[in-house]
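Everything on this sheet refers to the single structure shown next.
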Amino acid sequence: MSKVKLGIIGLGNMGQVHCKLVSSLADFELTAVADHVSERCAKMQARYKVTAFDSGAKLIASGSCDAVLIATPHYDHTRLGCQALRRGCHVMIEKPISVDKLDALRLVKAHDNPRQIFAAMFNQRTHPAYQQLRHWIQSGEFGAVRRVQWTITDWFRTQAYYDSGDWRATWAGEGGGVLLNQCPHQLDLICWLFGLPVSLYSQCSFGKYHHLEVEDEVTCLLNFEQGATGVFTTTTGEAPGINRLEIAFDEGLVIYDSRDDFITSIRNEKSVTQAIRENAAFEKPATTEVRLPVGGDGGQHRAILANFAAAILRGETLISPTSDGLRSVELANAMLLSGWTRKAVNLPISARGYRTRLAHKISGSTFERNVRTAGVVDMDDSF
Ligand SMILES: NC(=O)c1ccc[n+]([C@@H]2O[C@H](COP(=O)([O-])OP(=O)(O)OC[C@H]3O[C@@H](n4cnc5c(N)ncnc54)[C@H](O)[C@@H]3O)[C@@H](O)[C@H]2O)c1
């Protein structure tokens, strides 16, 4: 195989961006697209001279693609992903890999042929800032992680955004709100950097800033295995908002604020553990501050797609294998579970128990979605 024949399923905001990106990558040949909305198919068919199908299932069954990219609403990720794997395709799946842990387990289990490449679109893993932080954590550059604080409140969304698709922001259509749509990236990065927390307690607000039934504000306390603690705060109802990650280590403090093109690192000349033991009553350890330039965004979606093709064609190691996506689904589910029950939750959670609660949310929903605009919301095409 010299090029990967790719089919894209779901031609909304993200699917259209993906069509453009893969068309610019030499390792791909975009051969097919699929969407229930015929105008979207026609538009992509005319632009990229591809075969179009009116459903993802038909595209997969056609056998016309070596690989498929699934960019549909969340509940279809599991079903289409399993179908594509059974058909022998390589698969790239948009985040979140599934809505709940039970589906995520089913999806990951369906990948039983290691020759099939199965990747997830966790594009923020390519960002040099997060790569640097991961390197420091793994190499022990600043000693053990003691505390983490991530404030990610720059996911601002308007009511028009939520009303732009009838699947959005309902338990039945999307399976959650900010935790399932915007934050899978940060939840994945939390697990990638620090591991899955062992317990958490969250306060979730449902429809606090928008007319919707799912969570649009969350503050969560986290406990990690090695004793580190964390606070994670997110919302789609704040502007300008901020994306600021602060990591307190035994030997310093590291801060990344996405508005800056540098990471601030403040190194303790003596570890906190040692200083507590040895120093005078109020004597903090001396510090040295360094601002490390970040430089670019690491390629994001384009880099993940290029890596997917390189994994298929040349055996390159995947940046974001789908099996990793299980943890961010579990974390999102656990945060919601804690928000619903107002109780601390230990991880891992019961997949069946969570499914039962989600099913109650769906069956008990009285939310009437008033879809005022049905069309593709304008998104920044630049990423
Ligand atoms: N990685 C990122 O940065 C990023 C950004 C935005 C969205 N996303 C993800 O991309 C996915 C799609 O989001 P979106 O904003 O593009 O949604 P969207 O509503 O704009 O588009 C979804 C499209 O899928 C089509 N569709 C639904 N079921 C289908 C099926 N069975 N077969 C074929 N087509 C089907 C719909 O008709 C629609 O055109 C979601 O998983 C979302 O979380 C990822």
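Estimated from the Cβ-Cβ distance and a Förster radius of 51 angstrom, the FRET efficiency linking Ser64 and Thr273 is about 0.30.
Extension gain Glu225-Asp250, at 0.36 nm per residue separation less the Cα-Cα distance, in nm?
Going from the current span to full extension adds 7.4 nm.
For Asp261 and Ala144, the FRET efficiency from 1/(1 + (r/R0)^6), where r spans their Cβ atoms and R0 equals 35 Å, is about 0.80. Seen against the Cα atoms of the chain and their longest principal axis, helix 300-314 is set at about 70 degrees. In segment 50-190, the alpha-carbon atoms span a convex hull of 161 Å³ per residue.
Net charge dipole, segment 165-230: roughly 100 debye, given to the nearest 20, about the Cα centre with Cβ charges of +1 for Lys and Arg and -1 for Asp and Glu. Close amide H contacts of Ile263 (hydrogens built in the peptide plane, cut-off under 5 Å, sequence separation of 5 or more or a different chain): Leu292, Val294.
So, counting K/R as plus one and D/E as minus one, what does the shell of residues with Cβ under 14 Å around Thr287 add up to? Net charge in that neighbourhood comes out at -1. Across all C-alpha atoms in segment 217-283, the radius of gyration and Dmax reach 15.5, 46 Å.
Spacing of the modelled spin labels on Phe367 and Leu313, each 7 Å from Cα toward Cβ, amounts to 4.2 nm. The residues neighbouring Asn113, those whose beta-carbon lies less than 14 Å from its own, together hold a net charge of +2 under the Lys/Arg +1, Asp/Glu -1 convention. Sites counted here are GluC sites (Glu not before Pro) in a DSSP loop (not H, G, I, E or B) having no more than 14 other Cβ atoms within 10 Å; the longest part of the chain that contains none of them is 1-224. Scalar couplings 3J(HN,Hα) for segment 109-126, obtained by applying the Karplus form with A = 6.51, B = -1.76, C = 1.60 to θ = phi - 60°, are 5, 5, 8, 10, 10, x, 6, 7, 8, 10, 10, 10, 7, 9, 5, 6, 5, 7 Hz; x denotes Gly and Pro. Taking the longest Cα principal axis of the chain as reference, the axis of helix 128-139 is set at about 50 degrees.
Between the amide H of Phe28 and those of Val4, distances stay under 5 Å, these residues lying 5 or more places away or on another chain, with hydrogens modeled in the peptide plane. For segment 266-274, backbone phi angles converted through the Karplus equation (6.51, -1.76, 1.60; θ = phi - 60°) give residue-by-residue couplings of 10, 9, 7, 6, 10, 5, 4, 4, 6 Hz, Gly and Pro being listed as x.
Placing a pseudo-label 7 Å from each Cα along the Cα-to-Cβ vector at Arg115 and Arg47 gives an inter-label distance of 3.5 nm. With a ≥ b ≥ c the root eigenvalues of the C-alpha gyration tensor of segment 179-337, is it rounded (a/c under 1.5), prolate (a/b larger than b/c) or oblate? Since a/c reaches 1.5 but b/c is at least a/b, the shape of segment 179-337 is classed as oblate. Residues with beta-carbon under 14 Å from that of Ala275, excluding Ala275: net charge, scoring Lys, Arg +1 and Asp, Glu -1? Value of the local net charge: 0. Volume per residue of the convex hull around the Cα atoms, evaluated for segment 269-334, comes out as 212 Å³.
Average projection, convex hull of the Cα set of segment 149-213: 5.1 square nanometres. For the chain, averaging the sequence separation of C-alpha pairs within contact (under 8 Å, six or more residues apart) and dividing by the residue count gives a relative contact order of 20 percent. Between 0 and 90 degrees, the angle of helix 184-194 with respect to the longest Cα principal axis of the chain falls at about 40 degrees. Distance from the C-alpha centroid of segment 315-365 to that of segment 166-202: 8 Å, rounded to the whole angstrom. Approximating the spin labels as points 7 Å out from Cα along Cα→Cβ, the Ile242-to-Ser2 distance works out to 5.4 nm. For the chain, what are the per-bin percents of Cα-Cα distances with bins 10 Å wide, up to the bin holding the maximum? For the chain, the binned pair fractions read 5, 22, 31, 26, 12, 3, 1, 0 percent.
The count of lysine pairs in the chain whose Cα atoms are under 14 Å apart, excluding pairs fewer than 8 places apart on the same chain, comes to 5.
Every number here is computed from the coordinates shown, using simple stated rules; none is lab data. Just so it is clear, the structure is predicted and the values come from calculations on it, not from any experiment. For neighbour counting, all protein chains shown are included, and Cβ atoms are generated from backbone atoms with ideal geometry for every residue, glycine included.
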